[in-house]
1. Report the residue count in region 160-210 for those that are part of a loop (DSSP other than H, G, I, E, B), among the aromatic types (F, W, Y) and more than 19 Å from P77 (Cα to Cα).
2. Among the numbered criteria (1) touching a strand residue (DSSP E or B) at 6+ places or on another chain (Cβ under 7 Å); (2) farther than 30 Å from Q94 by Cα, which one does D181 miss?
3. Of everything in region 241-271, what is at pLDDT 85 or above, surrounded by 13 or more Cβ atoms within 10 Å (Cβ to Cβ) and of a type outside the set (A, V, I, L, M)? Give them in sequence order.
4. Taking region 111-127, which residues are over 19 Å from V10 (Cα atoms) and buried (at least 20 other Cβ atoms within 10 Å of the Cβ)?
5. Can you tell me how many residues in region 263-279 are over 16 Å from W220 (Cα atoms) and not hydrophobic (A, V, I, L, M, F, W, C)?
6. Might you let me know whether region 213-221 holds any residue that is under 30 Å from D269 (Cα atoms), touching a His at 6+ places or on another chain (Cβ under 8 Å) and in a loop (DSSP other than H, G, I, E, B)?
Amino acid sequence: MNIDVSVIIVSYQTADLIGPCLASVLSQREVTTEVFVVDNASTDGSAAVVAAGFPAVHLTANEENRGFGAANNQVLPRCRGRHILFLNPDTVLQEGCLAAAAAHMDGHPELGLAGLRILNPDGSDQESVSYRYLSERYTTGELAELPGEIAAVLGAAMIASRSAVDAIGGFDEDFFLYGEDEDLCLRLRRRGLQIGYIPAARVLHHHGQSERRSTPTEVWRKKFRAEWLFYRKHYRPETIARIRRAARWKINWRLLSLTLCRPFHVRQDQVREKLNKYKIMKEELRKSPLES
């Protein structure tokens with residue numbers, strides 16, 4: 001049997017969301033699909049929800065949280081579809097989504113990967129397309145002459161050519177969470193492929209649900225580490241040095257201004273969160289060998 005789209009969903013602590021997500025995927029009748037769920041050691045019964053309610057889904061229940069990229073890579077060798085849809089469990093595919101996505105990829109062989117149209121729960125568009133990479137204004141030629149205009153798309157719902165993903169070896173597992181979507185897009189573009197966007201393929205997204213149990217401090221630390229991993233992997237040492245100088249100046253300025261203005265703020269909780277954010281950034285910047 002020929003498979004149009006292999007769908008991979010990495011779940012973590014989303015037992016209340018994975019059901020509607022899978023139901024929306026399995027209702028897409030216009031294309032042939034196979035569905036994989038990799039549960040990263042959830043403690044809320046996510047894997048049990050899949051096993052009990054969706055016997056047709058290929059379930060892998062990890063004993064530890066391996067991270068987003070590694071979990072996707074686990075099942076990539078088992079995928080038979082000519083396209084791979086990487087999908088978050090806090091999403092719901094709208095009618096005709098997979099058919100539109102597959103048709104777009106079939107009609108645009110220059111694309112290695114494309115983002116679907118991400119919608120907020122109220123139906124408004126969620127920002128999901130980037131035309132520049134992180135701190136790209138500081139680069140010194142390492143991003144020159146990349147094909148296409150789109151730099152990256154949001155990893156919540158993106159469809160890729162199976163052959164293109166195989167050619168670059170899937171996700172870089174050094175990215176535990178955050179940054180892996182930008183990294184994947186950049187690596188595909190460096191192989192001469194473009195990144196696309198499919199407005200006809202609509203997906204409802206309940207943003208950030210897998211991180212509901214994480215504190216803001218934990219989330220900021222993960223994002224900051226992923227950002228600098230991206231720099232170390234893709235940017236020249238002189239570029240990283242410029243980014244670091246700019247980051248240090250911004251962090252120190254924000255810490256000073258927030259501290260001085262704190263007595264005059266009505267929302268002390270917001271000021272406290274911002275101060276914690278920049279303190280974490282300063283700590284990470286100081287302790288990591290970021291130029292290496």
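The values are calculated or read from the model by the stated rules, or taken from the named source; none is laboratory data. Please read all numbers here as calculations on a predicted model, not as lab measurements. So basically every Cβ, Gly included, is an ideal-geometry build from the backbone, and we count neighbours across all protein chains shown.
1. Matching residues across region 160-210 total 3.
2. D181 satisfies all of (1) touching a strand residue (DSSP E or B) at 6+ places or on another chain (Cβ under 7 Å); (2) farther than 30 Å from Q94 by Cα except (2).
3. R242, R244, R248, R254
4. L111, G112, R117 - these are the residues of region 111-127 that are over 19 Å from V10 (Cα atoms) and buried (at least 20 other Cβ atoms within 10 Å of the Cβ).
5. Total meeting the criteria: 5.
6. Checking region 213-221: not a single residue is under 30 Å from D269 (Cα atoms), touching a His at 6+ places or on another chain (Cβ under 8 Å) and in a loop (DSSP other than H, G, I, E, B).
Quick grid of which residues meet (1) surrounded by fewer than 20 Cβ atoms within 10 Å (Cβ to Cβ); (2) touching a strand residue (DSSP E or B) at 6+ places or on another chain (Cβ under 9 Å); (3) not in a helix (DSSP H, G or I):
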{"site": "V10", "(1), (2), (3)": "no, yes, yes"}
{"site": "G19", "(1), (2), (3)": "yes, no, no"}
{"site": "V31", "(1), (2), (3)": "yes, yes, yes"}
{"site": "E64", "(1), (2), (3)": "yes, yes, yes"}
{"site": "A71", "(1), (2), (3)": "no, yes, no"}
